[in-house]
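Chemist: Before I ask anything, here is the structure I am working with.
Every read-out reported here was derived from the displayed coordinates using simple, explicitly stated rules and does not represent laboratory data. From a predicted model like this one, the values you see are computed outputs, not experimental measurements. For neighbour counting, all protein chains shown are included, and Cβ atoms are generated from backbone atoms with ideal geometry for every residue, glycine included.
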Amino acid sequence: MIEQTSNTFPWLSAIILFPVLASLAIPLLPSKAVRWYALGVGLVDFLLSLWAFCSSYDLQNSGFQLAESYAWLPQIGLNWSVAVDGLSMPLIVLTGLINTLAILAAWRVTQKPKLFYFLMLAMYSAQIGVFAAQDLLLFFLIWELELVPVYLLISIWGGAKRQYAATKFILYTALGSIFILVAGLAMAFYSGTPNFDMATLASKHYPLALEIFAYIGFLIAFGVKLPIFPLHTWLPDAHSEASAPVSMILAGVLLKMGGYGLIRMNIEMLPNAHLYFAPVLAVLGVVNIIYGALSAFGQDNLKRRLAYSSISHMGFVLIGIASLTELGINGAVLQMISHGLIAGMLFFLAGVTYDRTHTLAIEKLGGMAETMPKVFALFTAGSMASLALPGMSGFVGELTIFLGVTSSDVYSSEFKVGIVLLSAIGLILTPIYLLSLLRTVFFGANNSGLIIEEYLGDAKPREIAIAAFLLIPIIGIGIYPKIATQTYDVKTVAVTAHVRDSLPVFAQQKDRSVLYSGGFFAPEIPGSGSGTLLGSADIGKGA
C-alpha cells in the first residue's frame, strides 16, 4: 500500500465539486451576468487549489496526500477516493489555469451562453476529478463523464463541420475508454474479492499474461487521448472545428490526461509489462514526432497545423516515459506541463486571429504583422517556445527527455542513438513549419479585405492578459525549471525506482523475447550479464 497522508478539511472534494455545483445556479442568472459568474467560479477554484497545495502539500513526500475516501456504492465496490501526489498536483494546477483562462477567452460567446458556461464548469470539475481519483472505477466514471461536455461544446459552438468532428471525437474517445474498464476489471477481480483502490492494485503481483493484457488495454485508451499514431485522427478535426476556448482545453488539458494515465496505470501498476513495451513506446514516440511534423507541413488550416504540431510534441512524452530513467520521466512530466501552456497560448491566438478575419486558411492570411502587431508579437513568442528556443519551457522539457534517454543504462547504445537521431528530425522540422507559418500569416501578401471585424483591431487588453498569463510561466520555467520540477521530483524518483525494481525479474525471462520479433534492441539489465534480451538474435534460441 502506498503511503497516504490525509487532511482534516476535504480540500480535494471542494476543488472537484465546486465548479459543477456552482454551475447549477447558472439557469437562475441573467444572461449578461453568466460570463462574470463563470469566471469568478473558475478563478476561485483555481486559487483554492493553489492555497490547498501551498498550505497542506509536502513536496518531499512521494506518497498520496490530501487523501479522502468515502463509501459511495459499496455494493459494487465504488468509493469516492481522491488524493494527489507529485504527478497529479501540477496537472491539477495546470487544469485550473487553462480552464479559467479559457472561460475568459470565451467572453464573446453569445449563442446559448448559459449552456456554454455550464458545460465549461462541468468539464472543469471532471478534469480535476480524473487527476485526483484514486479508485479505478471512479476514475473510469469521471473519464467518461468528461467526454459529454466536450462533445456538446464542439457540436453546438463549433465550425461548419462541427457535427462530424464531434461525432468522431466521441466515437474514438468513448470506444477507447472501454479498454480502461476492461483492463481495470481484469485487475480488480484477480485473486479474490474485487478491489478498485488504485494503491492496492499497484501493490499486487499479477501473472505476466494479465499484466500484458491490462497494459495493452490501458495503452489503447490513453493512446487515443494522448494521442498516439494511428489513434490520432480525431484530434485535427476536433481542433479545426472547436471554438478557441475549447481548443485551449483540448490541447492544454485533455491530451495530458493520456500521458498521466500512461504513467499512473501503465508504469505504476504494471511495471513488469512496461519493461516489455517500453521499446515499443519509444518507437511510437519517434513516429509521432516525425509524422506529426511532416503532416503539419501539408496543412493550410491554421488550427490543423497546430494540432499536428501537438501530436509531434506529445511524441517526446512517450519517449520520456519509455526511457526507464528518472531524468526521462521527469522530462515527460515537464513536457506535458510545457506543452499545455504553449499549445493553450497558440490555439487562443489562432482564435483571436479568426475573430478578426473569419478564416483559418493560412494562404488567405497575410500582412498581419502590420495590421495586428501585438498578435504578431505574442504568436511569435508562442512559436519560439514551441520550437524549443532556449530560455523557454519547451527547450527544457525536450532537452531533459533527450538526456534521460542517452543516460539510460537499460537500452543498448544502438537503440539509444537511433531514437535520439530520429527524434532530432522533429527538432529540425518544427522550426521549419512554424517559421513558414509566421512568414505566410504575418509577412505574406497583404490581403486588403482580410480584416472583416474592423472594430476589433489589434489584440485587446483582455486578450493580451490571457496570452501573458500563459507566456509568463513558459518563460519562467524556461529560465528556472525548478519552479515546476520541484513539485514532482520526489515522485518521479519513486516511479523510476518502482519500475526498475522489476529489472532483475525481467532479465530472467529471456524466453519472452518472442514477443519482439522485429529486431528491437533490448534492455541491457545492469548486473544481469545478459545482452539483447528482446533482440531478434534471441528469437528461437530459447532461454
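Chemist: How far, in degrees from 0 to 90, does helix 461-479 lean away from the longest principal axis of the Cα atoms of the chain, to the nearest 10?
Modeler: That helix lies at roughly 30 degrees to the long axis.
Chemist: Starting with the highest mean, order 273-285, 369-381, 43-55 by the number of other Cβ atoms within 10 Å, averaged over the residues of each peptide. Please list the in-between numbers first.
Modeler: Details: 273-285: 23.6, 369-381: 19.2, 43-55: 16.3.
Descending packing order for the listed peptides: 273-285, 369-381, 43-55.
Chemist: Related question: How large is the dipole of the chain about the Cα centre if only Lys and Arg carry +1 and Asp and Glu carry -1, each at its Cβ, rounded to the nearest 20 debye?
Modeler: For the chain, the charge dipole is close to 1120 debye.
Chemist: How high is the relative contact order of the chain, given as a whole-number percent (alpha carbon pairs under 8 Å, six or more residues apart)?
Modeler: Details: 948 pairs, mean separation 76.2, N = 543.
It comes to 14 percent, rounded to a whole number.
Chemist: Right, here's the next one. Mind checking which of 29, 267, 245 is farthest towards the positive end of the chain's charge dipole, using Cβ charges of +1 (Lys, Arg) and -1 (Asp, Glu) about the Cα centre?
Modeler: 29
Chemist: Ranked highest first by the average count of other Cβ atoms within 10 Å around their residues, in what order do 427-434, 458-465, 112-119 fall? Present the calculation step by step, with values, prior to reporting the outcome.
Modeler: Numbers: 427-434: 17.6, 458-465: 15.1, 112-119: 19.8.
Ranking, from highest mean packing down: 112-119, 427-434, 458-465.
Chemist: Given the chain, what whole percent of its Cα pairs are spread farther than 47 Å?
Modeler: Everything past 47 Å amounts to 9 percent.
Chemist: Also: Calculate for the chain the 222 nm mean residue ellipticity that helices alone would give, adding -39,500 (n - 2.57) per DSSP H run of length 4 or more and normalising by residue count, nearest 500 deg cm²/dmol. Can you show the working numbers first?
Modeler: On the way: 22 runs with 353 residues, N = 543.
My calculation for the chain gives -21500 deg cm²/dmol from helical runs alone.
Chemist: Of 433, 493, 110, which is farthest on the positive side of the dipole of the chain, counting Cα position, with +1 on Lys and Arg Cβ, -1 on Asp and Glu Cβ, and the Cα centre as origin?
Modeler: Final value for the positive-end residue is 110.
Chemist: From Cα pairs below 8 angstrom and at least 6 apart in sequence, can you work out the relative contact order of the stretch 314-452, rounded to a whole percent?
Modeler: Contact order relative to length: 37 percent.
Chemist: With r as the distance between the Cβ atoms of residue 233 and residue 186 and R0 = 25 Å, compute the FRET efficiency 1/(1 + (r/R0)^6) and round to 0.05.
Modeler: Details: r = 28 Å, r/R0 = 1.11.
The pair residue 186/residue 233 has a calculated efficiency of 0.35.
Chemist: On full extension of the chain, what length is gained from residue 409 through residue 377, given 0.36 nm per residue of separation minus the C-alpha to C-alpha distance? Walk me through the numbers on the way to the answer.
Modeler: Working: separation 32, 0.36 × 32 = 11.52 nm, distance 4.31 nm.
Extra length available between residue 409 and residue 377 comes to 7.2 nm.
Chemist: Here is a follow-up. Given Cβ point charges of +1 (Lys, Arg) and -1 (Asp, Glu) and nothing else, what value in debye, to the nearest 20, does the dipole of the stretch 298-408 about its Cα centre take?
Modeler: Values: 6 positive and 6 negative charges, 49 e Å.
Rounded to the nearest 20 debye, it is 240 debye.
Chemist: Starting from the Cα-Cα distance between residue 300 and residue 43, subtract it from 0.36 nm times their residue separation and give me the gain in nm to one decimal.
Modeler: Numbers: separation 257, 0.36 × 257 = 92.52 nm, distance 3.58 nm.
Separation in residues times 0.36 nm, less the Cα-Cα distance, equals 88.9 nm.
Chemist: Size of the stretch 13-121 along its principal axes in angstrom, Cα-based, largest extent first?
Modeler: Here the Cα extents, ordered largest to smallest, are 45, 36, 18 Å.
Chemist: Distance in nm between label sites at residue 436 and residue 115, each 7 Å beyond Cα in the beta-carbon direction?
Modeler: So the two model labels end up 4.1 nm from each other.
Chemist: Any chance you could run the full-extension gain for residue 465 through residue 160? It's 0.36 nm times the residue separation minus the Cα-Cα distance, nm to one decimal. Before the final figure, lay out the partial values.
Modeler: Working: separation 305, 0.36 × 305 = 109.80 nm, distance 2.94 nm.
Full extension of this stretch gives 106.9 nm more.
Chemist: A further question on this structure: Taking +1 at the Cβ of each Lys and Arg and -1 at the Cβ of each Asp and Glu, which of 154, 15, 128 sits farthest along the dipole of the chain towards its positive end, judged by Cα position relative to the Cα centre?
Modeler: Ranked along the dipole, the leading option is 154.
Chemist: With only Lys, Arg, Asp and Glu charged, each at its Cβ (+1 for the first two, -1 for the last two), find how big the charge dipole of the stretch 64-156 is about the Cα centre; round to the nearest 20 debye.
Modeler: Once rounded to the nearest 20, the dipole reads 500 debye.
Chemist: Determine, for each peptide in 28-38, 162-172, the mean count of other beta carbons within 10 angstrom over its residues, then list the peptides with the highest first.
Modeler: Details: 28-38: 14.7, 162-172: 18.5.
Ranked by mean Cβ neighbours within 10 Å, highest first: 162-172, 28-38.
Chemist: So how tilted is helix 326-357 from the main axis of the chain? Cα-based, degrees 0 to 90, rounded to 10.
Modeler: 20 degrees
Chemist: Still on this model: Quote the FRET efficiency, to the nearest 0.05, computed for residue 32 versus residue 73 with a Förster distance R0 of 45 Å and r equal to the Cβ-Cβ distance. Could the numbers behind the result be given before it?
Modeler: Values: r = 41 Å, r/R0 = 0.91.
According to the calculation, E is roughly 0.65.
Chemist: Additional query: Rounded to the nearest 0.05, what FRET efficiency is calculated for residue 363 and residue 107 with R0 set to 25 Å and r the Cβ-Cβ distance? Walk me through the numbers before you get to the answer.
Modeler: Working: r = 29 Å, r/R0 = 1.17.
Once rounded, the FRET efficiency stands at 0.30.
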